[in-house]
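Undergrad: Let me begin by handing over the structure; questions about it come next.
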Amino acid sequence: MRPGGIEDIARIVSENALPALERAFQKTSGNQTSLLTFGVVGIPVSTAQEQARSDAAGYLVEGVSLLGRWDVGLRSSSGNWRRAEQVNAGEER
């Protein structure tokens, strides 16, 4: 793995994975139903659906946050690697 490869991974995370998770969150968080959607007998079903939707949205928020941290960490690692290579090559001033 070289710094350019690390940067490529960071770009994939920020340009592909993060937007995909953000779109999934928008779809999931917008999938709300009223309490009576399933009828009076279906109130427990509606409550369970709301809980599942809320949990899924929460997991997606956590995923977006995690990928955001990966993006920052990968870019930092790439920069550190480049600086280390410069120091080893005697290019650091």
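The values are calculated or read from the model by the stated rules, or taken from the named source; none is laboratory data. All of these numbers come straight from a predicted model, not from anything done at the bench. Cβ placement follows ideal geometry from the backbone for every residue including glycine, while neighbour counts extend to all protein chains displayed. Ligands, DNA and RNA are stripped out before the accessible areas are found, and what is left, the full protein with its side chains, is counted by its heavy atoms. Shrake-Rupley method; radii C 1.70, N 1.55, O 1.52, S 1.80 Å.
Undergrad: If I filter region 18-26 for residues that are of a type outside the set (A, V, I, L, M), part of a helix (DSSP H, G or I) and in contact with a Ser or Thr (Cβ under 6 Å, 6 or more places away or on another chain), do I get at least one hit?
TA: no
Undergrad: Now for a separate question. Would you mind stating whether Q32 is open to solvent by 80 Å² or more (accessible area, probe 1.4 Å) and in contact with a Lys or Arg (Cβ under 8 Å, 6 or more places away or on another chain)?
TA: So Q32 passes the test.
Undergrad: Give me a count of the residues in region 50-68 that are open to solvent by 80 Å² or more (accessible area, probe 1.4 Å) and at pLDDT below 90.
TA: Residues flagged as open to solvent by 80 Å² or more (accessible area, probe 1.4 Å) and at pLDDT below 90 within region 50-68 amount to 1.
Undergrad: So, in region 51-71, exactly how many residues are in contact (Cβ under 8 Å) with a residue 40 or more places away in the chain and farther than 13 Å from T28 by Cβ?
TA: Of the residues in region 51-71, 4 are in contact (Cβ under 8 Å) with a residue 40 or more places away in the chain and farther than 13 Å from T28 by Cβ.
Undergrad: What number of residues within region 25-57 are within 15 Å of the chain's Cα centre (by Cα) and either of a type in the set (V, I, T) or under 30 Å from G79 (Cβ atoms) (or both)?
TA: So the answer is 2.
Undergrad: Based on this model, can you work out whether S34 counts as assigned to a helix (DSSP H, G or I) and either among the hydroxyl-bearing types (S, T, Y) or modelled with pLDDT under 85 (or both)?
TA: no
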